[in-house]
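Enquirer: Let me give you the structure first, and then I'll get to my questions.
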Amino acid sequence: MLRTLLQTTTLITVLATASFAAYAADVGDSMDAMMMDYARFNRATTSVEAAKALTQMRAASIEARQAKPARLDNEPANSPRLRAYQAEMDKLIAQIDKTKALVDQGQLPQAKTEGKKLMQLRTEGHKLFR
């Protein structure tokens, strides 16, 4: 009985650790996806390509916002630092939306100019949370 209990406890610990590691990796994976989508947006020559890249970037940004970066692992869910991270991600998502609106209006050159602000927001966010 004790052996079964220890095995169960060990299994739960291993699963929880693996789940946490996967969750923590999601932020990095989402950030990598955002950078690839940003590069695709910059290379886009049509509004369709640009819109697709921005849509994918927005989805990755939402995933990253919902996760907790490694630097904030020890922060409680309602901590000011975690809320500040989420606020920075909200700014990024709003900028993606603003850029995509220009793409949707057929204003690709203006969207590319507006899209440069995405990299500025990334740099600011990394200074604070990386």
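The values are calculated or read from the model by the stated rules, or taken from the named source; none is laboratory data. These figures come from a predicted structure and were not determined experimentally. Heads up, the Cβs are rebuilt from the backbone with ideal geometry, glycines too, and the neighbour counts pull from every protein chain shown.
Enquirer: Give the residues of region 58-103 that are touching an Asp or Glu at 6+ places or on another chain (Cβ under 8 Å) and of a type in the set (S, T, Y), sorted by residue number.
Expert: Selection gives T99 alone.
Enquirer: Another question, if that's okay. Which condition does P76 not pass, out of (1) out of contact with any helix residue (DSSP H, G or I) (no Cβ under 7 Å at 6 or more places or on another chain); (2) within 15 Å of V27 (Cα to Cα); (3) not in a helix (DSSP H, G or I), if it passes all the others?
Expert: Answer for P76: the failing condition is (2).
Enquirer: Here's something else I'd like to know. Is it the case, given these coordinates, that K112 is within 21 Å of M36 (Cβ to Cβ), without any contact (Cβ under 8 Å) to a residue 40 or more places away in the chain and either part of a helix (DSSP H, G or I) or not aliphatic (A, V, I, L, M) (or both)?
Expert: No; evaluated as a whole, the condition is false for this residue.
Enquirer: Now, a different point. If you take the residues of region 79-109 that are of a type in the set (S, T, Y) and part of a helix (DSSP H, G or I), which of them is modelled with the lowest pLDDT?
Expert: Y85
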